[in-house]
Structure formats: structure tokens, C-alpha cells
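Some notes on the structure that comes next.
The values are calculated or read from the model by the stated rules, or taken from the named source; none is laboratory data. Source: prediction; values computed, not measured. A quick note on method: Cβ atoms are made from the backbone with ideal geometry, for glycine too, and the neighbour counts reach across all protein chains shown.
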Amino acid sequence: MQSEHESEVLVDFFTEREAKQQVFNEIHENLMEKLREYACNALNLREKVRAKHIFRSKVNLPSEALLTPFWEAQYGIWLLLEYQNIKGERIIEKYLLDPDTDLSEQELHLAAHWMAAYPSVYRVVEAWEEGYRLADLWGEDMIDVALGDREQVRSEFMIGQYLFARLVKVGFTHRIIGPYALINKERIYEIKPNLEASFERSKEENSQWSWRLFMQHHGIEVLRMYE
């Protein structure tokens, strides 16, 4: 039988963990705003036009579609984390290397996770206390993802649903970074073999090509199948 002291210790632990997680969440949100502001100031008009053209090409999108909230949000997170300029540099990388960037140790740690993140397709396996357990379409591990206030109000997280998203470790839990997209289950039978074949072709040109780097470059193309 659990003693009163043990119960108090357990409660204190979870209370402290929740408080720390809230701090991590705030750092996450604030850092994203800093990165957005940096991108607005660092990119000139020509670079912005180039980025939008590349995005539209990757997802087979007409120019007017970027005016819709869904595509504007998808473009925004892709621009920050995956778009590469003509030198092959990503905005997140330039931001961290900028001598005027003044980040705390916690912000740097989180930004390192953002740099390694890549978009993928996940299947909702089951619910857990803080969100849902997801399985990567190309992986075996289950990932417990905590949902923020924005996601909690959505009714789309159903068991068996497929999501296009980027996951990143924030504090003690994984979170969805940026917007996600629902993928029709029937489309999975096209998406999976098509991307795998594209990856194999790319490895013929570069044997050092990893799945993570491939998805950072080509993962957004999954949204060609978005409906």
C-alpha cells in the first residue's frame, strides 16, 4: 500500500514536471516567433519569390492557392526548416550561425532538434494521457505526442488516421511543430512506394544520402496527395 509520504512525493514530481514542461512549451513558441521574424528580415524579395516558386513546384500548386490559410501555413513552416537557398543553406541554419543571434542554452538545444526534424507521415495508433501515440509510416517505434491547445480542440485525431507532420522533442514530450495535414488512407498506397522509389534513385547519385536528409528535401511532396 502506498504511504502518504510516497503519494506526496509522486504528486510533487508530477507538479514540478508539468511546470517545467510549461516553460519548455513557452520557449518553443517564443523561439518560433524569433525565427519567423528573422526570416522576414533576412530574405529579400527575390529570395521570397524563389522560395514560393520552389514550394509550388514541389506540391504541384497553382499560385493562387498560397492565399489560402492551409497552404500559407504549410509554406511557412517549410520555408523556415527545409527551404534551401542557392548556396544550400536553410534559414534555421543561417539563424543559428548569425553572430547577432543571442539564444539561451535551452533555446539552442531546442533549435538543434528543429534542425534534425523532418516531415513524415504518421498513423494515429492510440490515445494516451496527454495526446496520441503515433507510428511513423517508415519506422517501427511508437512516439507519444502531446497535443497543444490548438490540436486539442480538433476532432481529427482518430485511431487509424494518417497525418503529415513534423515531430520534435520539446522538454519531456514530443510535439507537432508547425501545421499538420490529414492524409487520406487510400493515398498511403501511392505515397509509400513512390517516396521509397525516389529515395533509392537519389541514393544512386549520392550513396551517403540518409532518409532524414531525403525527407527534408522531398518530404513536402507528400502534400501532392493532399485532399
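Computed values, structure above
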{"quantity": "Filter pass, residue 132 being among the hydroxyl-bearing types (Ser, Thr, Tyr) and not assigned by the TED database to the domain that holds residue 180", "calculated": "no"}
{"quantity": "Members of segment 91-122 that are free of Cβ contacts under 8 Å to residues at least 24 places away in the same chain, within 15 Å of the chain's Cα centre (by Cα) and farther than 24 Å from residue 137 by Cα", "calculated": "none"}
{"quantity": "Close pairs (8 angstrom Cβ cut-off, 6 or more residues apart or separate chains): more than 15 Å from residue 166 (Cβ to Cβ) in segment 198-216, not in a helix (DSSP H, G or I) anywhere", "calculated": "199/209; 202/209; 203/209"}
{"quantity": "When residues of segment 131-182 are limited to those that are of a type in the set (Asp, Glu) and at pLDDT 80 or above, the one surrounded by the fewest Cβ atoms within 10 Å (Cβ to Cβ)", "calculated": "141"}
